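Report on one structure; see the data block that follows.
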Amino acid sequence: MEKVLIGYSAQAYAAMRVVIGLLFFCHGLQKVFGLFGGVNGSAAPLWSLLGIAGAVELVTGALIVIGFRTALAAFVASGHMAAAYFIGHFPGGFWPISNNGELAVLYCFGFLYMATRGSGIWAVDGAPEDG
């Protein structure tokens, strides 16, 4: 099975990059524009912590989806999610399963992986595969 699937690793990575980037972008839409139920039913004030977080999510999510400056955008998004975890979840306990921080941890490490891998295929900047 591995021998068959390994031939599609570039496509699987690109699909992962696009899907994770779109999901992250949607979190930004939720905070900045109040879509998908917003933050307590509306958009967060732009110059609040949540508003700035939403702007970061919009910009980095969009860059990751289109594959432009993916390594930089993903590195910023990874740090953003680490900060979100420690500010918003860690005070509720150490374990992500107990403090509802699993999504922040998954995003953090998914983006960290993307930062090391770059855009890959299906990207605007056409970054070549290094593997």
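Of the candidates ALA73, ALA83, ALA43, the single residue that is buried (at least 21 other Cβ atoms within 10 Å of the Cβ) and not β-branched (Val, Ile, Thr) is ALA73. Selection over region 33-47 of residues that are out of contact with any helix residue (DSSP H, G or I) (no Cβ under 9 Å at 6 or more places or on another chain) and not hydrophobic (A, V, I, L, M, F, W, C) gives a count of 4.
Taking every residue in region 30-43 that is under 14 Å from VAL59 (Cα atoms) and pairing it with any residue that is modelled with pLDDT under 95 and among the aliphatic types (A, V, I, L, M), at least 6 positions away or on another chain, the pairs with Cβ-Cβ distances below 6 Å are LYS31/VAL39. Given the structure, is GLY54 under 14 Å from the mean Cα position of the chain (by Cα) and closer than 30 Å to GLY126 by Cβ? Considered against the rule, which asks whether it is under 14 Å from the mean Cα position of the chain (by Cα) and closer than 30 Å to GLY126 by Cβ, GLY54 comes out as yes.
Take ALA104 and tell me if it is touching a His at 6+ places or on another chain (Cβ under 8 Å) and either open to solvent by 70 Å² or more (accessible area, probe 1.4 Å) or on the phi < 0 side of the Ramachandran plot (or both). When the stated conditions are applied, ALA104 passes them.
The values are calculated or read from the model by the stated rules, or taken from the named source; none is laboratory data. As the structure is a prediction and not an experimental result, all values here were calculated from the model. Ideal geometry is used to build each Cβ from the backbone, glycine not excepted, and the neighbour counts take in all protein chains shown. Heads up: the accessible areas ignore ligands, DNA and RNA and are worked out on the full protein's heavy atoms, side chains in. Shrake-Rupley method; radii C 1.70, N 1.55, O 1.52, S 1.80 Å.
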